[in-house]
Structure formats: C-alpha cells, structure tokens
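Notes follow the structure.
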Amino acid sequence: MRFLRRLVRGDVRRPRMILGRPLLPLEEIADGIGTAGPGDGDSKAPGDVDAAPPDSPIPDTLDGVERRLRDLLGEGSPDVIIRRMVIWTNPEIEGVLLYIEGLASRDIVNLVALRSLMLAERVPTLDASALSRDNIASVFMTHIVPSGQISVLSCIDKVVDHVLTGEAALFIEGARECVVFEAKGWEHRGIEEPHTEKVVRGPREGFSELLRANTALVRRRLRTPDLRMDSMKVGRRSKTDIVIAYVEGLTNPRLVATVSERIDHIDTDILPDSGLIEEFIEDYPYSPFPQMQYTERPDRFCAGLSEGLVGIIVDGSPMALLAPGNLASFFQSPEDYYERFPYGGPLRALRYIAGIIALVFPALYVAISLFHQEMLPTKLALAIAGSHQPVPFPVLVEALLMEVTLELIRESSVRLPDPVGQTMGFVGALLLGDAAVSAGLVSPIMVIVVAVTGLASFTIPHYPTGLAIRLLRFPLLFLSAGLGLFGLMAGLTAIALHLGALTSFGVPYLEPLMKPRPSLRDVVWRSPVFTFNKRPEYPEPLDQVRQKKFIRTWAPGVAEMARKESREGGGEDGEKSGDGGRGAPR
Amino acid sequence: MIVFATGFLAAARILVPVAGTAAWMAALIGGAIGLGIGGLAGMLAGRFPGHSLVRMAERIFGAPLGKLIGLTFAAYCTVVLGLGSRQSVLAMWIAFLQTTPPVLISAVFYALVIYAAYLGIGAIARVSLIFFSLVVVSLVVLTALAVPVAAPGRLLPIVGNGLGPLIRAGFLAASYAGESIVVLAFLRHLKDKRGASRAMATGVAVGMVVMAVATGFGVMMLGVRGISRVTFPVLETARMVGFGQFLERAEILFLALWFSAALLKLATVFYASITSIADVLGLRDYRPLVIPYALLGTALSLIPESVLETFDYLDVFVKYSVWYAIALPVVLLLGAVVLGRRGGDDHVQSKDEH
C-alpha cells in the first residue's frame, strides 16, 4: 500500500540495482516512449497526460477499473474477459487484462500478455517502485509487452472501443494510462474464389470480410511505397473500420479529399457493408444506375488504383469500392485483359450488345408486333401472329407475365444454395416455359424473346448495372405497348439524358464513351495491352503515362520507329502506340 | 446535330421545287453559307469570351437594345422550336401512329424536351454526341442500301433549273445551317472556345453534306416529280430500301432514331431560348421558365391546323430566317468593331454548368 500511495503522489525514486541486475535508468526508458506502435488521437506520451485530462479517465484503483468496465460492457456478457493478475515486477503489482473472447486471439493474449506479464523471464527485472502513475504504462509498452501494434490510452471509453475491435487492454495498478495491444484473432472466412466475378483465366483470390487480410491482398499486388491506406471509422455503434486506398503521386488529391470528406460526413448507427457507404457518398442516390464500381477481386481493385481511382475497403465486407465509376467500367471484366486481345475486344463489344438486348428486346418485340408488323417479312409476321393466336392475353400482358416469371425464377435461385439454385433455375425455366406454352398462356416466340433477354442480362459483369437494366425494361415495355417504337425511343432518350446528366464524384458518367480514340482503345473494344500507353483521363490522374510507348522493340521495325520518333523529338508518352502489334521476329 | 436533325426530313421537299435536280448542290451551297455564319459567330464568341448572346448584345449596344436583341433571338428559337416539333410529331403521326392523337405525341415530345432542359446543356451535349454518331451511321447504312435502287440519271441536268434558282435554293438550305447560331446562347459554358468553333464548323459541314446526300438520293430514287408529291421525301426513300429477307420497311427504325435526334436538337434550341430569356429578365436560374415556355412551345406547334399549313409556315420561315441568322452575328460584330467593344470573362455561374 505504501508503494501505491507513493505512486499516487508521484514520488518517483531514481533507478537502482535489484537482485544484482542492472535496472534501466528512467530517462532512458522515457526516451523510447511513444514510438512503439500506432496509436490514435487519444494515445499520448506520459508527460502529456496532465496537459489535457480525458473525459473518462481511468479510475485510480483496479477495483474502480473493474467496476467501470462492467458498467460500460455489462455484467452478464460471458465473452467479456476481465482477468485480474499479478505482474512479476519488483515489487509485484497487480493488473487487469481486458479482452473479448472470440475477437481477440487466445494465443496472442496468452503469449503477449499472460506469459510476458506473469512469468519472470526477463532480464533485467523492472523496479516498479521507481515508476510513477504517469509513466508506468508507457514503460510497460516499451519494455514489457511484446506486441507490434501497441499504444497507451488514458480514456477508458477509447480503451473499450479498441477492445471491441479485437485488441486487448492491460490496466496497471495505479497507472493513469492503459496499455492497448493488437490481439485480433477472430474466426473468419478464408481467401476464396470470388463468387460474383468468376473468370476462366486469372487469379482466383477474392476479398474476405477481414479488413487486414484485404489490405494485405492489395499490398501484395501493389508493392509501391506510394500506396496509401488512410484509416477511418464510421458508425456510432458499429464503429466500422474503413480504409481509403490510393496511390500518392498518381491519384488526384482532390478526388481523395472528396471521398474522405463524404465518408467523414456519414453519421449513422451501423455500417454492415460497403453497399451502404456507396449510397451515402454517391452523387445521385436516386438514380437506378450504380455510380461506383464494386469488386471482390484484389486484382481488379489494384488495377483501379493504378489508374488513379480511389479504393474503399470496409471491415466486414468482401466488396471493395472504387470511385469514380462510369457506365463503361461496368461492362468491363478482368478477363478482358487476361485473355489475349483478339478475344477480349469482341467479348467486350458483345457485352455492350447484350446490354442493349437486355434493355430493349422485349419492348422492341412488343412495339413491332403491336404497331409495326409491316417491318417483318411476311412469313415471320405470319409465324408470330400464328403463335400468338391461341394466347388469350394481349402481347403486353404476355410479355409482363413472362418477364415477372423470369425475375421470380432468378430471384429464388439467387437465394438458394448453389446446387439447389441451379436446379431451380433449370426446372423453373423449362417447366414454366414449356408448361406456359402448352397451356396457351404465352406464345413460344415470347418465351424465346424473354429467354434471350435473360441470357443477355447475365453477360453484364456488374450485377447492379444488370439490376438497373432489368428495372428499366418494364417502363420501356409500357411505353412500347402505348406508342410503339416512338414510345421506345422516347424512353431510351430519357434514359440517355439521365445518363448524360449523371456524374460520379464530379466525373461525367458517359465520359469515356464521349471520346472516340480512347473509346475504341479500351472502352467498347479492347486493344492490345502494349498500346495502353496512357491511363484513362476521367479520374484526372497526376501521372498520365502508364508505360513506354515502344515496348516491343525486339519486333521487326519497332526499334527503328522508336529511334525515328526519338530523333523527331517524340516523347515516350505519345498518344498512339507505334508498336502496331508487329509479330515476333522470324 | 442542330443543323440537320429536323432539316433533312423535309429539306428535299423545299429545295427540289426551286433548284430541281440540283437540289443536292443547293444543300452544299447552304452549307458554305452556314460555315460563313458559323465563322462570324465564332469571331463574336472570340471577342466576348465567357459572354452569353444577351450579355454580348448588352455590352455592345447597351442594356435596352441588348435585351431587345436577346428577345428577337428567343423569338427566333421559339419559331424553330414550334415548327421543328410540329414536323417531327407529324412525321411520326402520319407515318406510323395515325390512331394516336397528335397531342399525345406532342405531350410526350415536350415532356422529354422539358426533362432535357432541366438537366442542362451538359447532358444534352453528351447524349447528342452519341445520337449524332448513330444518326450518321444510320444514314450511311441507308445510303448504302439505297445504291441499288437509285437511278443516277435522275440527277441530270446537273444544274437543275439554272444557276439563279440554285443559288436561291442555296439560301433556303442555309436557313437550316444558320440555325447553328443558337450555340451563341451557351458558348460561354464551353471551356475550349477554339475547339467549340471548330466543332461548330465540323457540325455544319457534316450536317449539310448529309443533307446533300439525302436530297441527292431522294431525287435519284423518287425523281423531281415524285418528291413534290410526298410529305417527307427521306421517309419515302427509306421505305424503298430493305435489309434483304430479314427486315422490310425498315424506315421506322430510322425514323425512331431521327426522332430522338430531332428531340435533342429542339431541346438545345429550347435551352438556348430560355437561358436567353432568363438573361434578359436578369434571372440567375432559368429553370422557373421551363414549364411556361414549354406550354408556349406546345401551343405554337399546334397553330398549323393541317400538314399543308405546317409546310406553308415552313416555306415562309426558311425564306426569311437565313437573313436573321446572317444579320445577328453581322450586326453584333459590326457594332462591336465600330463602337470598340470587347468583352472580358464575365462567366455567369448558373446551376447548369458542369
């Protein structure tokens, strides 16, 4: 008790010898304080504690600490572990270890805290009587608790916040501060193949729900020291960790600032997924079209960062966001680049055609069959009329019936487990389609129209874009049924105008499609990778040049072209590639 | 897009009676005059960077006269809007939607124009770029399909009804090219003024070449007499081509595409008009004017009671509007030079600027 009173009074002794082992001088100890690990706004060097007393200071006694912790975390929570212990210092002092079972790894807690604090293995031994209330936690941080990420906090509310993210906290008898160290170790899903962005050729790794695993996946692919990962917390209750990733010197700082500012403005209770962030920060939340890319592929995420986009990773969500987005980006798949360009280009063009089919095909069929039969060759017109003859409904009702049925099948198969969902899809499509035709409820041609539309909508790689197209198909159906092709074009023009007005973080949504040359290079088509000399312009990257203009200088003629251009004063960052896809030397 | 979106629907019907078989050349002459008008407009914009038409006029001639010039410009746009929308609605109604009341078609048309005007010139410009490409592609396809049906001999004699009528028809065609002066209303929104002048010149040139090709093929396929008997020669031309055994009577597809192009053109004219009126009235935001002005446009488009009456109005308009299109930049430019007026950048922030 005398020791405690001395600690409370701040009566500090000079260091001395204990058991013949040299003790570290206090000044030397104090020099190392504050550099051990990442802290937060509340973590301070010991000397600073009195300068700004925290709102919720740590109680003076361990009993008080325990009472306060039980107040804050509740009495009956079995996963909240408050462990009283005796620490091996000379003289021995008491401490309280706080962690959440399940969030903190038992191994880490045992190794870092219990073993290092309760077993006197250390040489030299620490003279606890030489420490004051103000610096004892800092000395523990720098000399005793073996953890990479460690900090001292003086506000008990902040300590609890950290503990709720999986860290562990050590309260030391009489100390004004508490040592908080990294102990995260909850059960989580491993790195698996992305479920929504599968590719035939390309990496199989996908993001998981664990923030640190996701940031590591990004770091592994982008090893530049310029990669920045700014950390934020959102959610009054969930206190969800968010990382804003970008490449310094490449990403436009205005874009980074805009994203950070918008996230900073979010004031909500909980944030279970990145989808909510998207809605909070996008320019036009009432638009049916998504304005940010999301991906569960680290390779795609890193490709986005390398183009000057800003990435957002949310703890607990396997879907990372990329900003800004635009219409063209939603029709791109990583596989476009992983496959050789002769296949990548046509496949991407096919996707755009599929997008148009998915949007307009049923409406076009309704318009032609109701208003413009003269467009069709006689045989086809007769075939359509014949197939529709036993159907008791107008074409619009028939189309709506099939479209709604298709949506039902799709929705039900999405929610079911994979094998059941697939079976459900087949059974639903076959049975309902065939049975509906046999029963005379729909015509066979309508089944074909709806099936083709459904297939086309599945080719769009970005799911929300597909959803937007599915949604807009219905008003177009009504317009076509009312005004024929005129109605369809009116609807399409309205959609086009809406898209023309949309922006994502200030960047026009149709931006890349507006410029013919980049558009043909890597928007509606995919040219060879060695022609991608410049990054896309729409995120306004600080560094426009992606690669050298002449890379394949070993190919016949290319080296001469490079030399010629360099003689003429052409830079390495020219607008078009001179490589021209020359073949390998014979 | 402004130049030929509605123009080429009926241009042949107006040019052929005057120039005969040389109507296609009249379109080219009109294009040349249009380029001249565009050049004058570009010089004016270069002298008054960041100024709207009304601001330019006010700076040159003072507020009262400047506002009056602004109102004449708005009136010009209103007539272009009324006649253009009436033509587009009629083309749809006559050709394909005869059981639908034209008022309903007109209402849908104006609803979209209002929507476009609310979104602003940025959205209209971006979408126009897409539709412009589609319209040009559609016309190239149509021309390619029309080659087997066309009879080049019908273009003879090469100068048609003579040189005098050809030049007269050229000025009629120039009234379409002269519509490009509407861009004066929003040149201030463009960052790249020099690029804007170039784009305007390209637009006029491409538009008038397309009009020349459409008129020439109209003559080759329908003949001079045939053209004088039909309401919209381009539509009749499109009716005569087919996609092999796959699609017949594909003119509806073309018309649907052109309808969207016409809509965007008229939305641009609508926007130019209301922003000018807002400038005259000193309003910071043009949006309160959108609905009242749309009602005015709809009413104006319903004044012609029949198709023939619409064309009577159109005949009068194309005869005189070209002189307004020439006079406006000439008067402003002369006034600026004589009075020594030159503008700094007084770019007025509006809610529409993107």
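Return yes or no: is B:T21 under 30 Å from B:I158 (Cβ atoms) and in a helix (DSSP H, G or I)? Even if it seems obvious, please write down each step before you answer.
Details: under 30 Å from B:I158 (Cβ atoms): yes; in a helix (DSSP H, G or I): yes.
When the stated conditions are applied, B:T21 passes them.
Checked against the criterion of being crowded, with 21+ Cβ neighbours inside 10 Å and either under 30 Å from A:R254 (Cα atoms) or modelled with pLDDT under 85 (or both), the range A:417-426 has no qualifying residue. A count restricted to the range A:84-99 and to residues that are without any contact (Cβ under 8 Å) to a residue 40 or more places away in the chain and either under 15 Å from A:T61 (Cα atoms) or of a type outside the set (D, E, K, R) (or both) stands at 5. As a summary of the residue check, A:W554 satisfies the conditions (1) of a type in the set (F, W, Y); (2) buried (at least 21 other Cβ atoms within 10 Å of the Cβ); (3) away from every other protein chain (no Cβ under 14 Å) except for the one numbered (2).
Only residues that are more than 7 Å from chain A (Cβ to nearest Cβ) and outside any helix (DSSP H, G or I) were counted in the range B:90-112, giving 3. One residue stands out in the range A:374-400 among those that are within 14 Å of another protein chain (Cβ to nearest Cβ) and touching a residue at least 12 places away in the same chain (Cβ under 8 Å): the one that is farthest from A:L471 (Cα to Cα), namely A:A383. Within the range B:45-66, the set of residues being in a helix (DSSP H, G or I), at pLDDT 85 or above and under 17 Å from B:V338 (Cα atoms) comprises B:M56, B:A57, B:E58, B:R59, B:I60, B:F61, B:L65, B:G66.
Mind listing just one residue for me: the one in the range A:177-191 that is part of a loop (DSSP other than H, G, I, E, B) and surrounded by 24 or more Cβ atoms within 10 Å (Cβ to Cβ) and, of those, farthest from the chain's Cα centre (by Cα)?
To start, the set of residues in the range A:177-191 that are part of a loop (DSSP other than H, G, I, E, B) comprises A:177, A:182-183, A:185-191.
Narrowing further to those that are surrounded by 24 or more Cβ atoms within 10 Å (Cβ to Cβ): A:177, A:183.
Values: A:E177: 35, A:A183: 23 Å.
Only one residue tops the list, namely A:E177.
Only one of the numbered conditions (1) more than 25 Å from B:T100 (Cβ to Cβ); (2) within 14 Å of chain B (Cβ to nearest Cβ) is violated by A:S438, and that is (2). Every condition in (1) over 18 Å from B:V234 (Cβ atoms); (2) surrounded by 23 or more Cβ atoms within 10 Å (Cβ to Cβ); (3) of a type outside the set (S, T, Y) holds for B:G30 except the one numbered (1). Name the residue that is nearest to the other protein chains (Cβ to nearest Cβ), counting only residues in the range A:355-373 that are farther than 30 Å from A:F331 by Cα and in a helix (DSSP H, G or I). That would be A:Q373.
Of all residues in the range A:205-232, those satisfying the criterion of being modelled with pLDDT of 90 or more, not acidic (D, E) and not in a helix (DSSP H, G or I) are A:G206, A:F207, A:S208, A:L222, A:L227, A:R228, A:M229, A:S231, A:M232. Looking for something under 30 Å from B:I69 (Cα atoms), surrounded by 17 or more Cβ atoms within 10 Å (Cβ to Cβ) and away from every other protein chain (no Cβ under 14 Å) - is there at least one such residue anywhere in the range B:152-169? Within the range B:152-169, one or more residues are under 30 Å from B:I69 (Cα atoms), surrounded by 17 or more Cβ atoms within 10 Å (Cβ to Cβ) and away from every other protein chain (no Cβ under 14 Å). Taking the conditions (1) away from chain A (no Cβ under 14 Å); (2) closer than 28 Å to B:G30 by Cβ; (3) without any contact (Cβ under 8 Å) to a residue 24 or more places away in the chain in turn, B:S133 satisfies each one other than (1).
Could you check how many residues of the range B:279-297 are closer than 18 Å to B:Y115 by Cα and surrounded by fewer than 22 Cβ atoms within 10 Å (Cβ to Cβ)? Break it down stepwise before answering.
Looking only at the range B:279-297, we keep the residues that are closer than 18 Å to B:Y115 by Cα, and these are B:285-297.
Still in the running and surrounded by fewer than 22 Cβ atoms within 10 Å (Cβ to Cβ): B:285, B:287-292, B:294-296.
Of the residues in the range B:279-297, 10 are closer than 18 Å to B:Y115 by Cα and surrounded by fewer than 22 Cβ atoms within 10 Å (Cβ to Cβ).
The requirement of being within 13 Å of another protein chain (Cβ to nearest Cβ) and in a strand (DSSP E or B) is fulfilled somewhere in the range A:507-516, by at least one residue. With respect to the conditions (1) buried (at least 18 other Cβ atoms within 10 Å of the Cβ); (2) in the same structural domain as A:R300 (by TED's automatic domain parsing); (3) more than 24 Å from A:F505 (Cβ to Cβ), A:P194 lacks only one, and its number is (2). Where helices (runs of 4 or more DSSP H) sit wholly within the range B:217-336, those with at least 2 residues that are within 14 Å of chain A (Cβ to nearest Cβ) and in contact (Cβ under 8 Å) with a residue 60 or more places away in the chain occupy B:233-239, B:251-281.
Here's a check for you: in the range A:462-506, which residue that is outside any helix (DSSP H, G or I) and more than 8 Å from chain B (Cβ to nearest Cβ) is surrounded by the fewest Cβ atoms within 10 Å (Cβ to Cβ)? Ranking the candidates gives A:G506 first.
The values are calculated or read from the model by the stated rules, or taken from the named source; none is laboratory data. Bear in mind the structure is a predicted one, so any value in this text is a computation, not a measurement. No Cβ is skipped: glycine too gets one built from the backbone with ideal geometry, and neighbour counts run over all protein chains shown.
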